[in-house]
Structures are given as structure tokens and as C-alpha cells.
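Enquirer: Here it is: the structure, laid out below.
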Amino acid sequence: IPPFTAICTHLLHHSLNTDTACICIIDGYLIIGQGTFGWCVSSTNGTHLATGIGPAQGMHPSSHRAEGYGMLSILRFLNHIFHLCGTHLRCSAIHSDNVALIQRLQEQRIKQQWYPNHTLSSYWDVIQGIIQTLNSFPSQPLISHVRGHQDLTTKYSKLSLEAQLNVDAYVMATHQRM
């Protein structure tokens, strides 16, 4: 599996620019000290427009760090698409099944003052990378939660689009390790 795929940059850009896309899903995976992530960008009708996978860097890998790297990766990918095309992001939503990551981002985004000791907290580097990338967008996407692993109790075809994409991102994250 390549690090990322896009069906067509122009189609992706058109979908993102007309609000017919950008249901973005991130999922992370951790096994035996190695973290990986996968992500999908989809149109609102379920067409995969872009996917990405990669490793989660750092001394102490965790699912939280892997999901953080996945979110940073997808945000940087979207940022590059819009810089290349010379337009502004109209991505409506980014979903993650990691509630702790979403809460931490919400808490950190409203801080007005930083102290040196803040840099010692876990995942500070990843969280700050995400926040700085989000701040580069004129209109920031909503970051919200999607319950993970719903496919364990419900058939894939009966899941919501967000839940299906979460399953797809999880599969990509687990494939990255192999």
C-alpha cells in the first residue's frame, strides 16, 4: 500500500472546494511497540478521494500518538492540496475514534499562554503540530468523534458513512505495519 493515494487531484480539489467532500477519518493502531495510522478522505456519497498511511514516530508509541500523527498527516495533506491549487479549505469535518485526542485538542486550542513546562507533557509535539496546521486554515474543520469498531456488532453495509470510513482507516493502519 503506498503512503497515500488520490484518485485525481482535480476531482479531490473540486469536491473539497464545493463542500461535497471532506468527511475525513483517522484511525491509529499499536502493536508490540509500533504505532501506525490510516486515514480516508471521502465525498459525501462515499467515494474515496484520498487515503494515507504511515508510522507514528516517538520514543513511547501509543494509540493516542498514532491517531495524532494520522490527524497531523491528513491536515498537512489537505493544506498542501489547497496551497497547490491556490484556494481555501472547505473541509467540513474530521472524525476520530479517539475521544482523548479530540478533548486534548479542544483544551489546547483555547490556551492563551504557554509555559516551558507544557512542552514536557506527553504528545505536546504532535498536538502543537495539529493546532498550528489547523490555525493555517481560514475556516477550520469541525473535529468530532466517531465510535470505533462498530463493525464488530453491525454489518459494514449497515454502518453510517463515518463508521465505514473508520473501519477502512483501521484496516489501512493495520496494513501499514505489515
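The values are calculated or read from the model by the stated rules, or taken from the named source; none is laboratory data. Just so you know, these numbers come straight off a predicted model, no measurement behind them. All Cβ positions, even for glycine, are placed from backbone atoms using ideal geometry, and neighbour counts span all protein chains on display. The area values use the complete protein model at the heavy-atom level, side chains included, leaving out ligands, DNA and RNA. Shrake-Rupley method; radii C 1.70, N 1.55, O 1.52, S 1.80 Å.
Enquirer: Can you pull out the residues in region 165-178 that are within 30 Å of THR119 (Cβ to Cβ) and within 12 Å of the chain's Cα centre (by Cα)?
Expert: Across region 165-178, the qualifying residues are ALA169, ALA173.
Enquirer: When you scan region 105-121, how many residues do you find that are without any contact (Cβ under 8 Å) to a residue 24 or more places away in the chain and surrounded by 11 or more Cβ atoms within 10 Å (Cβ to Cβ)?
Expert: Matching residues across region 105-121 total 4.
Enquirer: For region 148-170, what are the residues that are in a loop (DSSP other than H, G, I, E, B) and free of Cβ contacts under 8 Å to residues at least 60 places away in the same chain?
Expert: Scanning region 148-170 gives HIS149, THR153, THR154, LYS155, LEU159, SER160.
Enquirer: If I ask for residues that are open to solvent by less than 50 Å² (accessible area, probe 1.4 Å) and either assigned to a loop (DSSP other than H, G, I, E, B) or of a type in the set (D, E, K, R) (or both), which ones from region 122-147 would you list? Steps first, please.
Expert: Taking region 122-147 as the starting set, the residues that turn out to be open to solvent by less than 50 Å² (accessible area, probe 1.4 Å) are 126-131, 133-134, 137, 141, 143-144, 146.
Of everything in region 122-147, those that are open to solvent by less than 50 Å² (accessible area, probe 1.4 Å) and either assigned to a loop (DSSP other than H, G, I, E, B) or of a type in the set (D, E, K, R) (or both) turn out to be PHE137, PRO141, VAL146.
Enquirer: Let me ask another. When you go through (1) under 15 Å from LEU75 (Cβ atoms); (2) under 13 Å from the mean Cα position of the chain (by Cα) one by one for GLU162, which number turns out not to apply?
Expert: Of the numbered conditions (1) under 15 Å from LEU75 (Cβ atoms); (2) under 13 Å from the mean Cα position of the chain (by Cα), the odd one out for GLU162 is (1).
Enquirer: Filter region 42-82 down to the residues that are open to solvent by 30 Å² or more (accessible area, probe 1.4 Å), within 18 Å of GLN164 (Cα to Cα) and among the hydroxyl-bearing types (Ser, Thr, Tyr) and list them by number.
Expert: The answer is THR44, THR47.
Enquirer: Which residues, counting only those in region 83-103, are of a type outside the set (Ser, Thr, Tyr), buried (at least 16 other Cβ atoms within 10 Å of the Cβ) and either in contact with a Cys (Cβ under 9 Å, 6 or more places away or on another chain) or without any contact (Cβ under 8 Å) to a residue 40 or more places away in the chain (or both)?
Expert: The answer is LEU89, ARG90, CYS91, ILE94, HIS95, LEU101.
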